[in-house]
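A short write-up of the structure that comes next.
The values are calculated or read from the model by the stated rules, or taken from the named source; none is laboratory data. Everything numeric in this text was worked out from a predicted model, so none of it was measured. Don't worry about glycine lacking a Cβ; one is built from the backbone with ideal geometry, like all the others, and counts go over all protein chains shown. Side chains are part of the model used for accessible areas, which takes the heavy atoms of the whole protein and leaves out ligands, DNA and RNA. Shrake-Rupley method; radii C 1.70, N 1.55, O 1.52, S 1.80 Å.
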Amino acid sequence: MRHLHYIFAITIIFTLNSCSVYNFTGTGKIDAKTFQVNFFQNNAEIIEPGIDRTFTLALQDLIQNQTNLNLVKNSADLTYEGEIVDYRISPMTATADQKAAQNRLKIRINVRFTNKNKEKDDFEKTFEFYYDYPAEQQLVGSTLNNALKEIFDRITQDIFNESLAKW
(Lines give C-alpha, C1' and ligand atoms only; values in the text may rest on other atoms or scores of the structure.)
Protein backbone atom coordinates (compact mmCIF):
# COMPACT_ATOMS: atom_id res chain seq x y z
CA MET A 1 0.00 0.00 0.00
CA ARG A 2 2.88 2.33 0.83
CA HIS A 3 4.39 1.80 -2.66
CA LEU A 4 1.06 2.76 -4.21
CA HIS A 5 1.18 6.13 -2.41
CA TYR A 6 4.73 6.76 -3.70
CA ILE A 7 3.75 5.92 -7.27
CA PHE A 8 0.70 8.18 -7.02
CA ALA A 9 2.79 11.06 -5.61
CA ILE A 10 5.44 10.72 -8.31
CA THR A 11 2.77 10.65 -11.03
CA ILE A 12 1.21 13.86 -9.72
CA ILE A 13 4.59 15.60 -9.46
CA PHE A 14 5.47 14.76 -13.07
CA THR A 15 2.02 15.78 -14.30
CA LEU A 16 2.15 19.18 -12.64
CA ASN A 17 5.75 19.74 -13.66
CA SER A 18 5.03 19.09 -17.34
CA CYS A 19 2.27 21.70 -17.37
CA SER A 20 4.62 24.49 -16.32
CA VAL A 21 5.81 25.24 -19.86
CA TYR A 22 2.38 25.27 -21.45
CA ASN A 23 -0.60 27.54 -21.01
CA PHE A 24 -4.07 27.55 -22.49
CA THR A 25 -3.15 29.88 -25.37
CA GLY A 26 -0.33 27.60 -26.49
CA THR A 27 2.35 30.26 -26.22
CA GLY A 28 4.65 28.60 -23.73
CA LYS A 29 7.08 30.99 -22.05
CA ILE A 30 7.24 34.41 -23.70
CA ASP A 31 10.64 36.04 -23.38
CA ALA A 32 9.22 39.59 -23.26
CA LYS A 33 7.34 41.97 -21.00
CA THR A 34 5.99 44.61 -23.41
CA PHE A 35 4.56 44.86 -26.91
CA GLN A 36 3.50 47.59 -29.27
CA VAL A 37 1.25 47.54 -32.31
CA ASN A 38 2.00 50.40 -34.68
CA PHE A 39 -0.81 51.79 -36.85
CA PHE A 40 -1.48 49.57 -39.89
CA GLN A 41 -1.89 52.04 -42.75
CA ASN A 42 -4.37 51.12 -45.49
CA ASN A 43 -2.35 51.03 -48.74
CA ALA A 44 -4.87 48.96 -50.72
CA GLU A 45 -6.15 50.22 -54.06
CA ILE A 46 -9.70 50.27 -52.65
CA ILE A 47 -9.90 52.25 -49.43
CA GLU A 48 -12.56 51.29 -46.92
CA PRO A 49 -12.53 54.04 -44.27
CA GLY A 50 -11.70 52.93 -40.74
CA ILE A 51 -10.48 49.39 -41.37
CA ASP A 52 -6.90 50.38 -40.60
CA ARG A 53 -7.86 51.52 -37.10
CA THR A 54 -10.21 48.54 -36.61
CA PHE A 55 -7.46 46.08 -37.51
CA THR A 56 -4.83 47.77 -35.34
CA LEU A 57 -7.15 47.66 -32.32
CA ALA A 58 -8.17 44.05 -33.04
CA LEU A 59 -4.52 42.93 -32.99
CA GLN A 60 -3.82 44.87 -29.77
CA ASP A 61 -6.89 43.36 -28.09
CA LEU A 62 -6.02 39.79 -29.09
CA ILE A 63 -2.47 40.03 -27.73
CA GLN A 64 -3.64 41.67 -24.50
CA ASN A 65 -6.34 39.03 -24.00
CA GLN A 66 -4.11 36.02 -24.69
CA THR A 67 -0.89 37.07 -22.95
CA ASN A 68 0.25 38.95 -19.87
CA LEU A 69 2.31 41.39 -21.95
CA ASN A 70 1.91 45.12 -21.35
CA LEU A 71 0.94 47.38 -24.26
CA VAL A 72 3.29 50.35 -24.66
CA LYS A 73 3.58 53.11 -27.26
CA ASN A 74 7.31 52.73 -28.00
CA SER A 75 10.50 50.83 -27.14
CA ALA A 76 8.65 47.54 -26.67
CA ASP A 77 10.21 44.09 -26.55
CA LEU A 78 7.85 42.94 -29.32
CA THR A 79 6.80 45.21 -32.18
CA TYR A 80 4.08 44.61 -34.77
CA GLU A 81 3.88 46.90 -37.78
CA GLY A 82 2.79 46.74 -41.37
CA GLU A 83 0.09 47.77 -43.77
CA ILE A 84 -3.12 46.61 -45.37
CA VAL A 85 -2.02 45.82 -48.92
CA ASP A 86 -5.19 44.43 -50.50
CA TYR A 87 -8.93 44.94 -50.05
CA ARG A 88 -10.76 43.24 -52.89
CA ILE A 89 -14.34 42.26 -53.69
CA SER A 90 -14.78 39.69 -56.43
CA PRO A 91 -17.63 37.52 -57.71
CA MET A 92 -17.30 33.87 -56.70
CA THR A 93 -20.21 31.92 -58.15
CA ALA A 94 -22.59 32.68 -60.97
CA THR A 95 -26.22 31.87 -61.64
CA ALA A 96 -27.51 30.33 -64.86
CA ASP A 97 -28.13 33.80 -66.33
CA GLN A 98 -24.48 34.88 -65.78
CA LYS A 99 -25.11 37.00 -62.68
CA ALA A 100 -23.04 36.76 -59.53
CA ALA A 101 -24.66 34.62 -56.85
CA GLN A 102 -21.94 35.15 -54.27
CA ASN A 103 -19.20 37.71 -53.71
CA ARG A 104 -15.98 37.43 -51.74
CA LEU A 105 -14.24 40.13 -49.73
CA LYS A 106 -10.54 39.35 -49.36
CA ILE A 107 -8.13 41.34 -47.22
CA ARG A 108 -4.36 40.88 -47.23
CA ILE A 109 -2.10 42.43 -44.59
CA ASN A 110 1.69 42.64 -44.61
CA VAL A 111 3.16 42.28 -41.10
CA ARG A 112 6.65 42.95 -39.79
CA PHE A 113 7.30 41.43 -36.38
CA THR A 114 10.37 42.32 -34.34
CA ASN A 115 11.45 40.63 -31.12
CA LYS A 116 14.18 42.68 -29.41
CA ASN A 117 15.15 39.79 -27.15
CA LYS A 118 15.21 37.03 -29.77
CA GLU A 119 16.06 38.31 -33.26
CA LYS A 120 15.71 34.88 -34.87
CA ASP A 121 11.93 35.20 -34.30
CA ASP A 122 11.69 38.35 -36.48
CA PHE A 123 9.70 38.00 -39.69
CA GLU A 124 7.94 39.85 -42.48
CA LYS A 125 4.99 37.98 -43.89
CA THR A 126 1.59 38.56 -45.48
CA PHE A 127 -1.59 37.20 -43.96
CA GLU A 128 -4.94 37.06 -45.71
CA PHE A 129 -8.44 35.78 -45.27
CA TYR A 130 -11.83 36.19 -46.94
CA TYR A 131 -15.56 36.45 -46.29
CA ASP A 132 -18.21 35.20 -48.71
CA TYR A 133 -21.62 36.89 -48.84
CA PRO A 134 -24.68 36.78 -51.12
CA ALA A 135 -24.36 38.98 -54.20
CA GLU A 136 -27.75 40.59 -53.60
CA GLN A 137 -26.43 42.11 -50.34
CA GLN A 138 -24.45 45.33 -50.29
CA LEU A 139 -21.20 45.28 -48.32
CA VAL A 140 -22.32 47.93 -45.82
CA GLY A 141 -23.65 48.04 -42.28
CA SER A 142 -23.93 44.71 -40.47
CA THR A 143 -22.75 42.72 -43.51
CA LEU A 144 -19.51 44.73 -43.60
CA ASN A 145 -19.10 44.56 -39.81
CA ASN A 146 -19.56 40.76 -39.82
CA ALA A 147 -17.12 40.40 -42.71
CA LEU A 148 -14.45 42.52 -41.04
CA LYS A 149 -14.88 40.74 -37.70
CA GLU A 150 -14.52 37.29 -39.25
CA ILE A 151 -11.54 38.28 -41.42
CA PHE A 152 -9.73 40.19 -38.67
CA ASP A 153 -10.37 37.45 -36.09
CA ARG A 154 -8.68 34.93 -38.36
CA ILE A 155 -5.79 37.16 -39.47
CA THR A 156 -4.97 38.39 -35.95
CA GLN A 157 -5.02 34.81 -34.64
CA ASP A 158 -2.71 33.74 -37.48
CA ILE A 159 -0.32 36.60 -36.63
CA PHE A 160 -0.42 35.66 -32.94
CA ASN A 161 0.29 32.00 -33.77
CA GLU A 162 3.18 32.90 -36.06
CA SER A 163 4.81 35.35 -33.66
CA LEU A 164 4.15 33.90 -30.20
CA ALA A 165 2.60 30.43 -30.35
CA LYS A 166 4.94 29.12 -33.07
CA TRP A 167 2.25 26.86 -34.55
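Would you calculate the volume per residue, in Å³, of the smallest convex hull containing every Cα atom of region 57-163? Let's see the in-between values first.
Values: hull volume 11.6 nm³, N = 107.
For region 57-163, the hull spanned by Cα atoms encloses 108 Å³ per residue.
Can you tally the lysine pairs in region 52-167 where the Cα-Cα distance is under 22 Å and the two residues are eight or more apart, or on different chains?
For region 52-167, qualifying lysine pairs total 10.
State the Cα centre-to-centre distance between region 87-165 and region 61-80 in whole Å.
So the separation of the two Cα centres works out to 22 Å.
Kindly list the residues of region 131-167 that lie in the label zone of residue 104, defined by a backbone N under 13 Å from the point 7 Å along the Cα-to-C-beta vector.
Answer for region 131-167: 131-133.
Near residue 92, within a Cβ-to-Cβ distance under 9 Å, what is the net charge of the other residues, with Lys and Arg +1 and Asp and Glu -1?
In short, 0.
Of all the accessible heavy-atom surface of region 62-162, with the other protein chains kept in place and a 1.4 Å probe, what percent is carbon and sulfur? Walk me through the numbers before you get to the answer.
Numbers: 2360 of 5720 Å².
Of the solvent-accessible surface of region 62-162, carbon and sulfur hold 41 percent.
Which residues' amide hydrogens lie under 5 Å from the amide hydrogen of residue 135, considering only partners 5 or more residues apart or on another chain, with H built in the peptide plane?
Correct list: 102, 103.
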